[in-house]
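Chemist: Quick one: this structure, given as structure tokens, is what I'll be asking you about.
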Amino acid sequence: MAEDGRLQAAVAAGVLPSEESFAQLLRSIVVVARAIFGAKGSSVFLFDEDTDELVFAAVASDEEQELVGRRMPSSQGIAGWVLSSRTPLVLEDVRSDPRWARSFAEGTGYVPEGLMAVPLLYDEEVLGVLQVLDRPQRSTFSLREMELLGLFANQAAIALSLLLSARRAREELAGDGEAAAVAAVAGAVERLEGPKREAGLALLDALARVLS
Amino acid sequence: MSTALHHAADDDLPAWSLPRDAGSAIALANPLPARVDREWALEGATGKGVRVCILDSGIEAEHPLVGEIASAVSIALDDEGRTLVEPDTIGDTCGHGTACASVVRGLASEAEIHSVRVLGSGFKGSGKVLVAGLRYAVDYGFDVINMSLSTTKREFGDVLHDLADTAYFKRTLIVASAHNMPVESFPWRFSSVVSVGSHEEGDSLVFYANPNPPVEFYARGVDVDIAWVGGAKIKATGNSFATPAISGIAALVLSKHPGLTPFQVKTVLSLIANNVAADGRG
């Protein structure tokens, strides 16, 4: 059974979304978050369990794409607190904290006046932190905005969780010749079109009957 | 010595029963009046003599909006999982603990504020450190423990539940932030703690009792003026900041009426809530 499960995972891995899809999803999350709140910026940090760090995974603005991939200790600053406490926060006037302003400037070259930060929670896991920077100032902040942020973060976390599972499945299969071969065949058939695809599926069907 | 006192003081016998005519021996020193209102509960109270623990990211020493901190420790675990409690020389690793302390101080100017730092030493193991920190705080016997944080890890649910019940019976009031996201988290859902969400009004003394728990109270949590690290003052929104408002109000009640149990404090808070009190003002 274990072998069956592994090979089935290999087949699944062959047609799983790629790293490119992962990057597109992350970028979409920050772009949509920025649009929902009419904010100046948005960014996502993902938690890297192996190194106990937060990784700058996506940023909405074109000018700051070089920041993607930067790392910081998992408990540093606002993002670190939100990750550890699993609690969303909205802060205004953060420039009055010199330490905060400096760390932000070193990281992004941009110091926001205000930010919203929310954990990306899926089931009992915390996958990372979503930040929305400099939403328009209003006389009174609305708790509905806070709840909207939470709902959007929940949706983003579900999508991220699916892609993270796919990434882990691919990593599990890497270097395993037998399973990797099955995954490669599945991937190759998935990419075929027209008569070639039909022929490929017929071949797999025949193979399944011969081997079963 | 009355029978009841003798009974309670006898270590060989559990105090699970009350002998006849011994009720007076366990009467409140300062009994609740027929009408509990804000005047009785809060007027003239400063929080003096009440020990409030901020279980968080530490507190910045000498922040003007926080003032003197009575004690500050950091919690860590050694390689074998034993709890290490050391004097905290770092202060606040984020700003959040300082913020919560300033909300308590703004309401209860003479309360003793203690810092127990459980965040800031890496995410890995942070759930276990949180549990160890709460256990330390409950064992220490603080009057109020402010928890503007929670964990989603189910493996900690049972132990946090036990600690919350232990605190409840030891006269330690745990005030915990409700989660405003669609996830399960602890310990705010336990009935032995006081759980707090936010309302949008601008008065820190205005709070509401929720007739539809698990969130039990709503306190000021929007655009709250708070302390931040570096001596700063900023505005913030979140249940994180509503929670210390209830901690501060509870400290006021306890300073004026020492010895109330968590059940009694929660009852007083319910009776003086702005939507419960007969005059609508609590």
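The values are calculated or read from the model by the stated rules, or taken from the named source; none is laboratory data. Quick caveat, the model's predicted, so the values are computed rather than measured. For neighbour counting, all protein chains shown are included, and Cβ atoms are generated from backbone atoms with ideal geometry for every residue, glycine included.
Chemist: What's the total number of residues in segment A:62-97 that are closer than 20 Å to residue B:233 by Cα and at the interface with chain B (Cβ under 7 Å from one of its Cβ atoms)?
Modeler: 12
Chemist: Looking only at segment B:219-229, filter to residues that are free of Cβ contacts under 8 Å to residues at least 40 places away in the same chain and facing chain A (nearest Cβ under 9 Å); which one of those is surrounded by the fewest Cβ atoms within 10 Å (Cβ to Cβ)?
Modeler: B:223
Chemist: For residues in segment B:140-166 being charged (D, E, K, R) and within 14 Å of chain A (Cβ to nearest Cβ), which is surrounded by the most Cβ atoms within 10 Å (Cβ to Cβ)?
Modeler: B:153
Chemist: State whether the residues of segment B:117-125 include one that is at pLDDT below 95, of a type in the set (Gly, Ala, Ser) and crowded, with 24+ Cβ neighbours inside 10 Å.
Modeler: yes
Chemist: Moving to a separate point now. Of the residues that sit in segment A:41-61 and are surrounded by fewer than 22 Cβ atoms within 10 Å (Cβ to Cβ) and among the polar types (S, T, N, Q), which one is nearest to the other protein chains (Cβ to nearest Cβ)?
Modeler: Among them, the one singled out is A:51.
Chemist: Given (1) surrounded by fewer than 17 Cβ atoms within 10 Å (Cβ to Cβ); (2) more than 14 Å from chain A (Cβ to nearest Cβ); (3) charged (D, E, K, R), identify the lone condition not met by residue B:216.
Modeler: (1)
Chemist: Filter segment B:233-251 down to the residues that are surrounded by fewer than 24 Cβ atoms within 10 Å (Cβ to Cβ) and in contact with a helix residue (DSSP H, G or I) (Cβ under 7 Å, 6 or more places away or on another chain), then identify the one that is farthest from residue A:147 (Cα to Cα).
Modeler: The extreme case among them is B:233.
Chemist: Could you tell me how many of the residues in segment B:84-129 are touching a residue at least 24 places away in the same chain (Cβ under 8 Å), among the acidic types (Asp, Glu) and part of a strand (DSSP E or B)?
Modeler: The number of residues fulfilling the criteria is 1.
Chemist: How about segment A:180-200: which of its residues are under 27 Å from residue A:168 (Cα atoms) and in a helix (DSSP H, G or I)?
Modeler: A:180, A:181, A:182, A:183, A:184, A:185, A:186, A:187, A:188, A:189, A:190, A:191
Chemist: Please go through segment B:167-177 and give me each residue that is buried (at least 24 other Cβ atoms within 10 Å of the Cβ) and either aliphatic (A, V, I, L, M) or assigned to a helix (DSSP H, G or I) (or both), ordered by number.
Modeler: Selection gives B:167, B:173, B:174, B:175, B:176.
Chemist: What is the residue count in segment B:43-61 for residues that are surrounded by fewer than 17 Cβ atoms within 10 Å (Cβ to Cβ) and of a type in the set (A, V, I, L, M, F, W, C)?
Modeler: 1
Chemist: Continuing with the same structure: Please go through segment B:62-83 and give me each residue that is of a type in the set (A, V, I, L, M) and either crowded, with 20+ Cβ neighbours inside 10 Å or in a strand (DSSP E or B) (or both), ordered by number.
Modeler: Hits for segment B:62-83 are B:66, B:69, B:72, B:73, B:75, B:76, B:77.
Chemist: Might you let me know whether segment B:134-142 holds any residue that is in contact (Cβ under 8 Å) with a residue 24 or more places away in the chain, more than 25 Å from residue A:72 (Cβ to Cβ) and not in a helix (DSSP H, G or I)?
Modeler: Within segment B:134-142, one or more residues are in contact (Cβ under 8 Å) with a residue 24 or more places away in the chain, more than 25 Å from residue A:72 (Cβ to Cβ) and not in a helix (DSSP H, G or I).
Chemist: A further question follows. For the subset of segment B:178-192 comprising residues that are more than 9 Å from every other protein chain (Cβ to nearest Cβ) and within 20 Å of residue B:237 (Cβ to Cβ), which member is surrounded by the fewest Cβ atoms within 10 Å (Cβ to Cβ)?
Modeler: Among residues in segment B:178-192 that are more than 9 Å from every other protein chain (Cβ to nearest Cβ) and within 20 Å of residue B:237 (Cβ to Cβ), the one surrounded by the fewest Cβ atoms within 10 Å (Cβ to Cβ) is B:178.
Chemist: Let me ask something else about it. Among the candidates A:105, A:101, A:156, which residue alone is modelled with pLDDT under 90, more than 8 Å from every other protein chain (Cβ to nearest Cβ) and closer than 22 Å to residue A:58 by Cβ?
Modeler: Criteria check complete, one pass: A:105.
Chemist: Return yes when residue B:195 is within 30 Å of residue A:92 (Cα to Cα), within 15 Å of the chain's Cα centre (by Cα) and either part of a loop (DSSP other than H, G, I, E, B) or more than 10 Å from chain A (Cβ to nearest Cβ) (or both) and no when it is not.
Modeler: yes
Chemist: Could we say that residue B:240 is polar (S, T, N, Q), closer than 21 Å to residue B:53 by Cα and either part of a loop (DSSP other than H, G, I, E, B) or away from chain A (no Cβ under 14 Å) (or both) here?
Modeler: No.
Chemist: Just to be sure I understand, how many residues within segment B:198-213 are in a loop (DSSP other than H, G, I, E, B), within 13 Å of another protein chain (Cβ to nearest Cβ) and of a type in the set (Gly, Ala, Ser)?
Modeler: Qualifying residue count, segment B:198-213: 1.
Chemist: List every residue pair whose Cβ atoms lie under 6 Å apart, where the two residues are 6 or more positions apart in sequence or sit on different chains, the first residue falls within segment B:28-42 and is surrounded by 11 or more Cβ atoms within 10 Å (Cβ to Cβ), and the second residue, located anywhere, is assigned to a helix (DSSP H, G or I).
Modeler: Qualifying pairs under 6 Å: B:36/B:268; B:36/B:271; B:38/B:272; B:41/B:253; B:41/B:268; B:41/B:272; B:42/B:252.
Chemist: Considering only residues that are at negative phi and modelled with pLDDT under 95, look in segment B:65-81 and name the one that is nearest to the chain's Cα centre (by Cα).
Modeler: B:76
Chemist: Quick check on this structure: which one of B:160, B:149 is more than 14 Å from the chain's Cα centre (by Cα) and either of a type in the set (A, V, I, L, M) or assigned to a helix (DSSP H, G or I) (or both)?
Modeler: Among B:160, B:149, only B:160 is more than 14 Å from the chain's Cα centre (by Cα) and either of a type in the set (A, V, I, L, M) or assigned to a helix (DSSP H, G or I) (or both).
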